[in-house]
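> Pasting a structure here, questions to come.
Quick note: the coordinates plus some simple rules give every number you see, no bench work behind them. Please read these numbers as outputs of a predicted model, since none were measured by experiment. So basically every Cβ, Gly included, is an ideal-geometry build from the backbone, and we count neighbours across all protein chains shown.
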Amino acid sequence: MTNTRPAKLTGTARQKALASLKGWKKVRGKEAIEKTYVFADFADAFGWMSRVAIIAEKMDHHPEWFNVYKTVNVTLNTHDAGGITELDIKLAKTMDKFAGKAGR
């Protein structure tokens with residue numbers, strides 16, 4: 001069984017996919033997107049990260065993230081595709097759904 005990864009999004013498909021995300025920004029100088037989430041406290045932030053980790057593992061697509069107290073900074077890209085793919089868009093939407101109003 002081969003694991004086929006999605007292709008890097010380009011052109012109109014990329015613009016449309018990025019426009020469908022709320023609060024995510026292109027990383028300067030890198031083929032990636034980023035967002036900061038601020039939760040009520042550490043337990044909420046860590047709980048969210050735990051829920052997302054389970055989904056990310058099932059997707060075999062893992063975020064770059066950094067947590068300090070109630071803040072989680074996330075960067076997404078698909079390394080083996082060399083940029084942003086549908087996997088990143090799907091994971092970003094899942095993160096937003098689980099975070100509720102915490103994203104900014």
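> Excluding HIS61 itself, what net charge comes from residues whose Cβ is under 11 Å from its Cβ, given Lys and Arg +1 and Asp and Glu -1?
Here the count lands on -2.
> Let me ask something else about it. Filter the chymotrypsin sites (Phe, Trp or Tyr not before Pro) in the stretch 1-86 down to the DSSP loop ones having no more than 16 other Cβ atoms within 10 Å, then list what survives.
TYR69
> Please compute the length gained on full extension between LYS97 and ASP80, using 0.36 nm multiplied by the number of residues separating them and subtracting their Cα-Cα distance.
Roughly 3.5 nm would be gained on extension.
> Return the loop-located trypsin sites (Lys or Arg not before Pro) in the stretch 1-87 (DSSP other than H, G, I, E, B) with at most 15 other Cβ atoms within 10 Å of their own Cβ; answer none if there are none.
Answer by residue number: LYS22, ARG28, LYS30.
> Given the options THR75, THR12, THR85, which has the most mean-square fluctuation in a GNM of the chain, springs set between C-alpha atoms less than 10 angstrom apart?
THR12
> Okay, next question. Structure shown: which of LYS22/LYS90; LYS8/LYS101; LYS35/LYS93; LYS25/LYS101; LYS35/LYS58 lie over 20 Å apart, alpha-carbon to alpha-carbon?
Pairs exceeding 20 Å: LYS8/LYS101; LYS35/LYS58.
> Taking amide hydrogens as modeled 1.01 Å from N in the peptide plane, which residues meet the under 5 Å criterion relative to VAL27, leaving out close sequence neighbours?
The list, which skips near neighbours in sequence, is ALA32, ILE33, GLU34.
> Roughly how many nanometres apart are two label points built 7 Å out from the Cα toward the Cβ at ARG51 and PHE66?
Once both label points are built, they end up 2.5 nm from each other.
> Among ILE33, ILE55, ILE84, whose mean-square fluctuation peaks in a Gaussian network model of the chain (Cα, cutoff 10 Å)?
Its mean-square fluctuation being the largest, the pick is ILE55.
> Kyte-Doolittle mean at least 0.0 and Cα extent at least 27 Å along the axis: which DSSP H helices of the chain qualify?
Correct list, ordered by number: empty.
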